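Each reported figure results from applying straightforward, stated rules to the coordinates on display, with no laboratory input. What you see is a predicted model, and the numbers here were worked out from it, not measured in a lab. Please note: Cβ atoms are built from the backbone with ideal geometry, for glycine as well, and neighbour counts cover all protein chains shown.
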Amino acid sequence: MNRFIAFVASQLVFFVLPALVMAKERISDPAKGWDNHYNLWLVISIIIYLIVTIPLIYFSLRYRRKKDNETGAYIEGNVGLEITWTVVPFIIIALIGVHSWALFNDYRNVPKDIFEAKAIGQSFSFEMISPEGIKTLNELRVPVGPVKVLLNSKDVIHNFAVPHFRVREDMVPGRETYLWFNAKDPGEYEVFCAEYCGVGHSKMLGKVIVLKREDYDAWVKLNTAAESAPLPPEEKGKKLVESLGCTGCHTVTGDKSAGPTFKGLFGSKIACTDGTEVVADEMFIKEKVKNPQAKVDKNYTLMMQPNSLMDEELNAIVAYVKTLK
Ligand code: CUA
């Protein structure tokens, strides 16, 4: 019974009390929290390293065997020492544990009423959606301040990682995940896909663009106005090709990627895996968008998913592809 009470008391002293104290004070910037955590680990590791290595070197020189017939002294255990080297690490680990827990708590609990955007992973690009509903490819624009990003995926598991803000989180198809960070300074910060997702993984890059509040508002105004105006079909096709994520695998510049380039595609002849040859005309492009399995270029591996689009949208895509000569 006494042992049990001692156990409960030690748990209270080492874990629960410090945890309560740390949890009360919320970190306003998780990136700072991670850096502090890293530095805590680093300092503790260096100290332990020195405590182990310096005596190790000293003892191996001081007590080395000097003559052939020498035998070492027989040393019994030392209770005091053993208690010390059990209790001290226990306290250190408790401290790190509590610190981790407080940090994780901050990482998972988003401050209330903050800017909330969406990012959707697709092979191999990020579709970003602002709270106003503006869609952009690979570029997430946010105003200065704390930002929450809801994450999802259209196909396989991707990972939304922004090293500058020390955050990353999986983008899982059929499940909404999230992360948050504090965008303190205007600027551009790299976004990486940090989960191997296929041949285009290394090209799956994006940016978080932090703008001053008034610049952000101006950007929203400009884009909501543009949204309502009708676009010529080629322009609309270009937007569709970007927002659907086609450019993740198909370049428009003639460069090689996971799929054939769109440049010069229209009217070209394609040798297919079934031995036939087709001309990339309007019918072919429309069919390909809807049902990618139909004809596959023998120089590429089929990875594309079917898209259900309206006829008008398919026409817009064809109109755009035609412009890429
Ligand atoms: Cu998407 Cu790696």
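Only DSSP H runs of four or more residues enter the estimate; each adds -39500 (n - 2.57), and after division by the residues of the chain the mean residue ellipticity at 222 nm equals -13500 deg cm²/dmol. Rounded, prolate or oblate: which fits region 160-290, taking a ≥ b ≥ c as square roots of the Cα gyration tensor eigenvalues, rounded meaning a/c under 1.5, else prolate when a/b beats b/c? Because a/c hits 1.5 or more and a/b fails to exceed b/c, region 160-290 counts as oblate.
When a/c is below 1.5 the answer is rounded, else prolate if a/b is larger than b/c, else oblate, so apply that to region 234-325 with a ≥ b ≥ c taken from the square roots of the Cα gyration tensor eigenvalues. It is rounded, given that a/c, with a ≥ b ≥ c, falls under 1.5. In the neighborhood of Lys118, defined by Cβ-to-Cβ distances under 14 Å, what is the net charge if each Lys or Arg adds +1 and each Asp or Glu adds -1? Neighbourhood net charge equals -1. Where both bridge residues fall in the chain, DSSP classifies roughly 70% of the beta bridges as antiparallel. For the chain, the relative contact order is 13 percent, taking Cα pairs closer than 8 Å that sit 6 or more residues apart in sequence and dividing their mean separation by the residue count.
Return a whole-number percent for the relative contact order of region 200-325, with Cα pairs under 8 Å and 6 or more residues apart as the contact set. Relative contact order comes out at 29 percent. Compared with the dominant principal axis of the Cα atoms in the chain, helix 30-62 is inclined by about 40°. Lys and Arg at +1, Asp and Glu at -1: add these up for the other residues within a Cβ distance under 13 Å of Lys288 and post the number. That works out to -1.
For region 57-86, GluC sites (Glu not before Pro) are listed when DSSP marks them as loop and at most 16 other Cβ atoms sit within 10 Å of their Cβ; the list is Glu70, Glu76.
Overall, the anisotropy analysis places the chain in the prolate class: the square-rooted eigenvalues a ≥ b ≥ c of its C-alpha gyration tensor yield a/c not less than 1.5, with a/b exceeding b/c. Each Lys or Arg adds one and each Asp or Glu subtracts one; over the other residues with Cβ under 11 Å from the Cβ of Thr323, this totals +2. Axis angle, to the nearest 10 degrees, between helix 233-243 and the longest C-alpha principal axis of the chain: 20 degrees. If you fit an axis through the alpha-carbon atoms of helix 311-323 and take the longest principal axis of the Cα set of the chain, what angle between them do you get, 0 to 90°, nearest 10? Around 90 degrees separate the two axes.
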